Amino acid sequence: MASNLTKMVKFNNGQLYPILGLGTWQASSVIDDSTHAALIDSIKSAIDIGYRHFDCAAIYNNEKLVGKAVNDKISEGVIKRDELYITSKLWNNKHRFELVEEALKNTLNDLCLSYVDLYLIHWPFGTSEDSNATDSEGRLLGSGISYLETWKAMEGCVQKGLTKSIGVSNFNIKQLKDILEIATIKPVVNQVECHPYLTQNKLKAFCESNGILLTGYAPLGSAKRSWAGPEEDAILDEPIVKQLADKYKKSNAQILIKFQIQRGVIVIPKSSNPMRQKENFDVWDFELTTQDIDLLESLNRNARYFEFNTIHYTDTLWNNKHNPKDVEVALKNSLKLLGLDYLDLYLIHWPVATSDYPIAQDSEGRFIGADDSYLDTWKAMEQCVQLGLTKSIGISNFNIKQVKEILEIATIKPAVNQVENHPYLTQNKLKEVCESNGIILTAYGPLGSPYRGPNSKGLVLLDEPIVKQIADKYKKTNAQILIRFQIQRGVIVIPKSSNPERQKENFDVWDFEMSKEEMDLLESLNQNQRYVLFKPAMHLKDYPFNEEQ
């Protein structure tokens, strides 16, 4: 195995790093002794096979287990610390300058190491330090902290010897340029999703021209991720990949791994199966031809498997920006904060317009209204599409009358109408009008917004007996039943959770189908019960919930 360990790349700071590593995402963090033992054993087996590069992250919630496995092998004399290359990542709620060093020290404590070899900013956006804090729509609150501030703190971690190298993850070209303009220590890598369906050639070329290497996660397409749809293309099943695998008498996975290695991309396939780990590592005895590489590159379709708001960004225009002159400015501000060139979908958040000062209130604590018409706002939204600032536009919390008025003047129709939607508020009449006009409904609050506090009737949808009855039948959670309900109705659904295990659970809804009778039973729960009333705007002329839905 020794020759395998010589397959190294050189960072822009001179540090060598193995081009092939092992990813530890989805290695279970469940509190279960047998599961923990299996993870520890899988890391140990990888070390025995020859892996020396391990890709970790605080959010994976398993660094203590990785640390135990690594330190056991060091104690046994199998390896030395300086023969290992450990990567970890800073999570989004630790972007503030003062928190970065503390977060890294917590990671080191979990790993039982005095330094990591590489530390990355996991995503370019920061979230509230209270990981459960949400806005009125149940969405995670942003921190407003710039990744430039975070980068300066990362540089301090190098200077203190807590990490040998630093880099970024999921950064686009614009964000990398921003970092390079202020960096005294350049990023050594940018870790991004990368495989033949998403070759990232433009990003790769930019990185390499600036001495930054690309690391490819999900090189095999991450087929076992919980949110994979039943009809989704799987790169491991791609005929061209199989054709090359047959040619070289290798597995499809080995072809995909070798593809990245020959492109000079660091690659971190994930497996906890020792036989699969060994197979994935056995890629040094063959070479793909230029024609083979070109054939694999031709599969590119900019298809992403990972959705964490780096793929389809939806944002909304707030009520104090309804004046047509403010719409483009507001969207550009959102793009700047997100570090993006465009959004995939931009919505008018509410049909009501308020004063330029967003929290201005009258003597009764109500928002002060403005005279702006959402029809004028819509024309400005259309202009944003024409300027390439957003791919699609839509509306949110609009009633039937308001939807019809938009359609009368629109040259670009709304793509969606995002509204509160769940079995206590099925919105069937609104859904029918929208669908008959090619508008898809998006459901927020699909679980009944249980953290909003009691509503006027004291109803908690997640405790509804009918929901529980169906959940028991399918051996699913109540939340999974409520999510599947919307999917089978053809409604886009956006449940909120900041808990990784709950996120995973909410995505695991593709392996069952409710019957028509069960769907009808859930629909029968409708009682036009709203959890979101937006009370400070009830007096405004365009308040939507005074009209029949």
If we ask which residues in the range 65-85 are exposed (fewer than 14 other Cβ atoms within 10 Å of the Cβ) and part of a helix (DSSP H, G or I), their number turns out to be 4
Does the range 395-402 contain at least one residue that is touching a Leu at 6+ places or on another chain (Cβ under 8 Å) and of a type outside the set (A, V, I, L, M)?
yes
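Out of everything in the range 358-380 that is under 32 Å from the mean Cα position of the chain (by Cα) and within 13 Å of N319 (Cβ to Cβ), what residue ends up being modelled with the lowest pLDDT?
Only one residue fits best here, namely I359.
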Going through the range 180-211 in order, the residues found to be without any contact (Cβ under 8 Å) to a residue 12 or more places away in the chain and touching a Ser or Thr at 6+ places or on another chain (Cβ under 6 Å) are none
Taking the range 528-549 and the residues there that are aliphatic (A, V, I, L, M) and in a loop (DSSP other than H, G, I, E, B), the one that is most open to solvent (accessible area, probe 1.4 Å) would be M538
Do we have any residue at all in the range 442-460 that's over 13 Å from Y531 (Cβ atoms) and either aromatic (F, W, Y) or out of contact with any Asp or Glu (no Cβ under 9 Å at 6 or more places or on another chain) (or both)? yes
Per the filter on the range 273-291, residues under 15 Å from L244 (Cβ atoms) and of a type in the set (S, T, N, Q) are T289, T290, Q291
Given (1) at positive phi; (2) open to solvent by 50 Å² or more (accessible area, probe 1.4 Å), K413 misses just (1)
Sole miss for M275 among (1) assigned to a helix (DSSP H, G or I); (2) in contact with a strand residue (DSSP E or B) (Cβ under 7 Å, 6 or more places away or on another chain); (3) at pLDDT below 95 is condition (2)
Across (1) within 28 Å of Y342 (Cβ to Cβ); (2) open to solvent by 40 Å² or more (accessible area, probe 1.4 Å), N428 clears everything bar (1)
If we keep only residues of the range 474-527 that are touching a strand residue (DSSP E or B) at 6+ places or on another chain (Cβ under 8 Å) and at pLDDT below 90, then the residue surrounded by the fewest Cβ atoms within 10 Å (Cβ to Cβ) is S498
The residue that is modelled with the highest pLDDT, considering only those in the range 442-473 that are within 15 Å of H422 (Cβ to Cβ), polar (S, T, N, Q) and out of contact with any strand residue (DSSP E or B) (no Cβ under 7 Å at 6 or more places or on another chain), is S449
The residue that is farthest from Y115 (Cα to Cα), considering only those in the range 38-64 that are in a helix (DSSP H, G or I) and open to solvent by 40 Å² or more (accessible area, probe 1.4 Å), is A38
| Quick check: is even one residue across the range 86-100 in a helix (DSSP H, G or I), over 19 Å from G142 (Cα atoms), open to solvent by 40 Å² or more (accessible area, probe 1.4 Å) and touching a residue at least 40 places away in the same chain (Cβ under 8 Å)? | no
Restricting the range 103-132 to residues that are open to solvent by 20 Å² or more (accessible area, probe 1.4 Å) and within 24 Å of the chain's Cα centre (by Cα), the one nearest to F54 (Cα to Cα) turns out to be N106
All conditions in (1) surrounded by fewer than 17 Cβ atoms within 10 Å (Cβ to Cβ); (2) touching a Leu at 6+ places or on another chain (Cβ under 8 Å); (3) not basic (K, R) are true of Q418 except (1)
Filtering the range 365-388 down to residues that are open to solvent by 30 Å² or more (accessible area, probe 1.4 Å) and closer than 14 Å to L345 by Cα yields Q383, V385, Q386, L387, G388
**Message:** Any residue that is surrounded by fewer than 13 Cβ atoms within 10 Å (Cβ to Cβ) and part of a helix (DSSP H, G or I) - is there at least one of those in the range 259-266?
**Reply:** no
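The values are calculated or read from the model by the stated rules, or taken from the named source; none is laboratory data. Remember, predicted model here, so these are calculated numbers, not experimental data. Positions of Cβ are generated from backbone atoms using ideal geometry, with glycine treated the same way; all protein chains shown enter the neighbour counts. Side chains included, ligands, DNA and RNA excluded: accessible areas come from the protein's heavy atoms. Shrake-Rupley method; radii C 1.70, N 1.55, O 1.52, S 1.80 Å.
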